[in-house]
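Step one of this worksheet: look at the structure below.
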Amino acid sequence: MSESVIDIQKKCAPVLKPAASVYGRVMRVREAMYARGMLRHWEPPVPTVSVGNIGWGGTGKTPVADWLLGWAEIHRLKSVLLTRGYGAHPPSVPYLVRPESLAESAGDEPLMLARSHARAHILVDPQRIRAGKLAMKRFSPDVMILDDGFQHMAVARHCNLVLLKPEDVGSGWNQLIPAGSWREPASALARADAFMLKISPSEFETLTPALRQRLGAFGKPVFSFQIKPTGVRPVRGGEAVPDFDSASYLLVSGVGDPAQVKETATRYLGYPPTEHMIFKDHHPYSQKDALAIADSARKAGCEAVLCTPKDAVKLGPLCSEAFWEFDLQLAFGPSLFTDGVDFEAWWTRQFNDISTRLVNKAHS
């Protein structure tokens, strides 16, 4: 969330907090109506996991979804991911995203996932029941993933992964829209099966007392993870290498947390970017943008331009050979309330238990 939005919320708190209280009551009623079957929902007949969050902002949902798709591939399971596709303008819905799809049709994150997981089926559709039923009929998946699905209760899920930002367990705790960033009140966290935070081991250690205080009562595991570069590769295609042969670089980011991108680049390469061009999250890059980036790099004396994979799927058709993207990998860190079980083992057990329950239910 930008500082300007936070400042406005602080200044307007006397007006916004009563509105947030009303909003919270509405969301609690909505949750109860789904729980009692008063609002229509559909339960997929295969293990279904939601990757979502309690508030808005970049929490790492796409890297976690990417990890789950990779896990399915390793275990030879057919996977489907359902997503609204923020910023996507598909020619029809449900829209099956293919590696060769256009970013404006698929959305940046769905296209990134489709290119990384050619065997998975990524469907863009704001009506996820429709997309889910089509997926079951056409693809017969073994596992279904709901992107940003925590509040989208029309599709029932068997596992809720709820991603939190560090401030969610601090000053932002239970600060509802419009006074804060939370989409639901803290009571909604009882629906979670696990909590996840994109945070370094040292930050996790510092935050542990707050995590115990805020989340301990829910009795669910808390996992941490980081997104770590493993190399860089040319945006226009080519093999990954440890780094590019340039003493200076210009950094480009159109993501939810540009400061973290800069920190990641600096830590991995060992020196900061000469310049950092920041675009809004999900920015639809144009040829004019690509030329402006290249011109800024030239004026700054930078031979290389570095961006995230999310930016690269949109800049690829527009840029020169000087543009590079990170190769990124999710790495799990310390955890709480897990009895020493790491996330992969925990999720594998969850998946197997859900599968067994669904088989027994089908034969009962």
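The values are calculated or read from the model by the stated rules, or taken from the named source; none is laboratory data. Quantities reported herein were computed from a predicted structural model and do not represent experimental measurements. Positions of Cβ are generated from backbone atoms using ideal geometry, with glycine treated the same way; all protein chains shown enter the neighbour counts.
Please work out which residue is modelled with the lowest pLDDT, limiting yourself to segment 84-107 and to residues that are surrounded by fewer than 17 Cβ atoms within 10 Å (Cβ to Cβ) and within 14 Å of HIS282 (Cβ to Cβ). Of everything passing the filter in segment 84-107, TYR86 is modelled with the lowest pLDDT.
Of all the listed residues (HIS276, HIS283), the sole one being free of Cβ contacts under 8 Å to residues at least 60 places away in the same chain, touching a strand residue (DSSP E or B) at 6+ places or on another chain (Cβ under 6 Å) and under 29 Å from ALA106 (Cα atoms) is HIS276.
Residue count for segment 62-95 under the criterion of being in contact with a strand residue (DSSP E or B) (Cβ under 6 Å, 6 or more places away or on another chain) and farther than 25 Å from ASN160 by Cβ: the result is 2.
Scoring TRP56 on the criteria (1) out of contact with any Lys or Arg (no Cβ under 6 Å at 6 or more places or on another chain); (2) surrounded by 15 or more Cβ atoms within 10 Å (Cβ to Cβ); (3) at pLDDT 95 or above leaves a single failure, condition (3). Taking residues in segment 245-264 that are farther than 16 Å from GLU167 by Cβ, and partners anywhere that are among the charged types (D, E, K, R) and crowded, with 16+ Cβ neighbours inside 10 Å, the pairs with Cβ atoms closer than 7 Å and at least 6 places apart or on different chains are LEU250/GLU275; LEU251/LYS262; VAL252/ASP311; SER253/ASP311; GLY254/ASP281; GLY254/ASP311; VAL255/ASP281; VAL255/LYS310.
Here is a yes/no grid of residues against (1) acidic (Asp, Glu); (2) buried (at least 18 other Cβ atoms within 10 Å of the Cβ); (3) outside any loop (DSSP other than H, G, I, E, B):
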residue: GLU109; (1), (2), (3): yes, yes, yes
residue: LEU113; (1), (2), (3): no, yes, yes
residue: ILE122; (1), (2), (3): no, yes, yes
residue: MET136; (1), (2), (3): no, no, yes
residue: ASP168; (1), (2), (3): yes, yes, yes
residue: PHE204; (1), (2), (3): no, yes, yes
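Output yes when any residue across segment 278-285 is aromatic (Phe, Trp, Tyr) and touching a helix residue (DSSP H, G or I) at 6+ places or on another chain (Cβ under 7 Å), and no when none is. Yes, the conditions are met somewhere in segment 278-285.
ARG214 - would you say it is of a type in the set (Lys, Arg) and either within 23 Å of GLU31 (Cα to Cα) or assigned to a helix (DSSP H, G or I) (or both)? Quick ask: steps written out before the conclusion?
Working: of a type in the set (Lys, Arg): yes; either within 23 Å of GLU31 (Cα to Cα) or assigned to a helix (DSSP H, G or I) (or both): yes.
In short, yes.
Taking the conditions (1) closer than 30 Å to ARG349 by Cα; (2) touching a Gly at 6+ places or on another chain (Cβ under 7 Å) in turn, ASP66 satisfies each one other than (2). Within the option set ALA154, ALA210, ALA118, being under 18 Å from SER50 (Cα atoms) and either modelled with pLDDT under 95 or not acidic (Asp, Glu) (or both) holds for one residue only, ALA154. Screening GLU239 with (1) among the acidic types (Asp, Glu); (2) in a helix (DSSP H, G or I); (3) within 23 Å of MET112 (Cβ to Cβ); (4) more than 21 Å from the chain's Cα centre (by Cα) gives one miss only, at (2). Residues in segment 268-297 that are loosely packed, with under 13 Cβ neighbours inside 10 Å and of a type outside the set (Gly, Ala, Ser): TYR271, LYS280, GLN287, LYS288, ASP295.
Pick from MET27, MET33: which is closer than 20 Å to GLY149 by Cβ and surrounded by 14 or more Cβ atoms within 10 Å (Cβ to Cβ)? Spell out how you get there, then give the answer.
On the way: MET33 fails: surrounded by 14 or more Cβ atoms within 10 Å (Cβ to Cβ).
Every option except MET27 fails the conditions.
What's the total number of residues in segment 17-60 that are acidic (Asp, Glu) and not in a loop (DSSP other than H, G, I, E, B)? Walk me through how you get there before you give the answer.
Just the residues of segment 17-60 that are acidic (Asp, Glu), to begin with: 31, 43.
Okay, now just the ones that are also not in a loop (DSSP other than H, G, I, E, B), so 31.
Counting residues in segment 17-60 that are acidic (Asp, Glu) and not in a loop (DSSP other than H, G, I, E, B) gives 1.
Kindly check whether there is at least one residue in segment 333-354 that is in the same structural domain as GLY87 (by TED's automatic domain parsing), of a type in the set (Lys, Arg) and modelled with pLDDT of 95 or more. The answer is yes; a qualifying residue exists.
Quick check: anything in segment 69-81 buried (at least 18 other Cβ atoms within 10 Å of the Cβ), under 27 Å from VAL261 (Cβ atoms) and without any contact (Cβ under 8 Å) to a residue 40 or more places away in the chain? Checked segment 69-81: no residue is buried (at least 18 other Cβ atoms within 10 Å of the Cβ), under 27 Å from VAL261 (Cβ atoms) and without any contact (Cβ under 8 Å) to a residue 40 or more places away in the chain.
Against the list (1) farther than 27 Å from LEU111 by Cα; (2) surrounded by fewer than 20 Cβ atoms within 10 Å (Cβ to Cβ), the condition CYS302 fails is (2). The residues of segment 291-320 that are touching a Pro at 6+ places or on another chain (Cβ under 9 Å) and assigned to a helix (DSSP H, G or I) amount to a single one, LYS314.
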